[in-house]
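Heads up, the thing below is written out as structure tokens.
The values are calculated or read from the model by the stated rules, or taken from the named source; none is laboratory data. Owing to the predicted nature of the structure, the values given are computational and were not obtained by experimental measurement. Cβ placement follows ideal geometry from the backbone for every residue including glycine, while neighbour counts extend to all protein chains displayed.
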């Protein structure tokens, strides 16, 4: 068996050819996974919201802000995942999905949702304890969860270089026209128009995907004047016979339709630095999903670059590898926290779900055509030289040097960090464990390069 890595010429479109709208719309598919929504939810919300915004006669600057508010409305979605799992048990993505269909103004609907959502697999006593806490403190918990999500989303928007209007559009996403929303209970015109449109677009898409146009229209009408700005509802209701609106909303190519409707007189092309900021921010979104993955992506990127330097790789490969390291686990946004944070051994079904995160990574990154190489490299970080890895069972001569580097960096950080089922493993013991995997799972040359760089990395 050959252990020589593939040195494949990079096939990556120059950063100068990448538009901001293209990158954000593609990566928004990762946010849909965490919210438990059908793929393309954020993009469809962007189509809905931009259509309404144009009919509202928003100017170009406001449309630009609205566009990115809609695509990034769920940027903080991973920050409350672990807490939701702690409160309810079970799959927090299903809880998030189901909650979006509940009319929070109706106590009966809320009570039914809570009772049905609390996991009963751990026994009746555990379920009753969870229910008791939610009955007594449910309102406070709900407010805290929404505040965490919205504030985190606003912070990520700022880290991505977006302005205060976009950050505020995300911050006030869950406020309602009548003041009964969360977390700040502001009402009416005090809610930014971008937030009002984004919430409306979200509800339209959720019910349209679940039950079709008539159900979406009926649900929006019921919430007119309570959840939603009446003027915006009236604009939407006037679209009931707009065939273009509904046809494109159901179009499989809606991502590309939305990319091309970005309100940019001159398209915003990305610099290397801006693209790195975006990939790092999405790495932060992944790491926020579990308390056991805090800063994992940034450490894997740090270790990967140190290995590159030690191996004297051509520096043209560095940005590619750094982005792959930041985004290698983006598919974990599609794995529930009852699996990610499970304190014991995963059963066969859970293990299959966990393994699927690699395929999710490739799916998300492949939505951005210039990232085609990056998608394959990042998704292969659990492949093994002996062919026993996943998702594709690649053998040594099929595993590229970039993947081998990310694999070693990820392996090292995973075993030296705390996990739900054990404490962190000391560095010297971690190296012993990794040496036992040389030539079967990991590349010896790459491991030795990491070892050479460990002292400065640990200071």
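Tabulated results
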{"item": "Segment 181-215: number of residues that are within 20 Å of residue 96 (Cβ to Cβ) and in contact (Cβ under 8 Å) with a residue 24 or more places away in the chain", "result": "17"}
{"item": "Tally of residues being farther than 13 Å from residue 232 by Cα and over 21 Å from the mean Cα position of the chain (by Cα) across segment 193-216", "result": "9"}
{"item": "Extreme residue, surrounded by the most Cβ atoms within 10 Å (Cβ to Cβ), among residues of segment 326-368 that are under 13 Å from the mean Cα position of the chain (by Cα) and in a loop (DSSP other than H, G, I, E, B)", "result": "328"}
{"item": "Residue identified as part of a helix (DSSP H, G or I) and modelled with pLDDT under 70 among 114, 43, 135", "result": "135"}
{"item": "Number of the condition not met by residue 323 [criteria: (1) surrounded by 19 or more Cβ atoms within 10 Å (Cβ to Cβ); (2) more than 17 Å from the chain's Cα centre (by Cα); (3) without any contact (Cβ under 8 Å) to a residue 60 or more places away in the chain]", "result": "(2)"}
{"item": "Qualifying residue in segment 272-281 (condition: over 17 Å from the mean Cα position of the chain (by Cα), surrounded by fewer than 17 Cβ atoms within 10 Å (Cβ to Cβ) and on the phi > 0 side of the Ramachandran plot)", "result": "no"}
{"item": "Matching residues, segment 383-424, being in a loop (DSSP other than H, G, I, E, B) and either buried (at least 24 other Cβ atoms within 10 Å of the Cβ) or touching a strand residue (DSSP E or B) at 6+ places or on another chain (Cβ under 9 Å) (or both)", "result": "383, 384, 385, 399"}
{"item": "Residues satisfying the stated conditions in segment 306-325, i.e. assigned to a helix (DSSP H, G or I) and more than 18 Å from residue 285 (Cα to Cα)", "result": "306, 307, 308, 309, 310, 315, 316, 317, 318, 319, 320, 321"}
{"item": "Residues that are surrounded by fewer than 18 Cβ atoms within 10 Å (Cβ to Cβ) and either at pLDDT 80 or above or touching a strand residue (DSSP E or B) at 6+ places or on another chain (Cβ under 7 Å) (or both), drawn from segment 79-101", "result": "83, 94, 97, 98, 100, 101"}
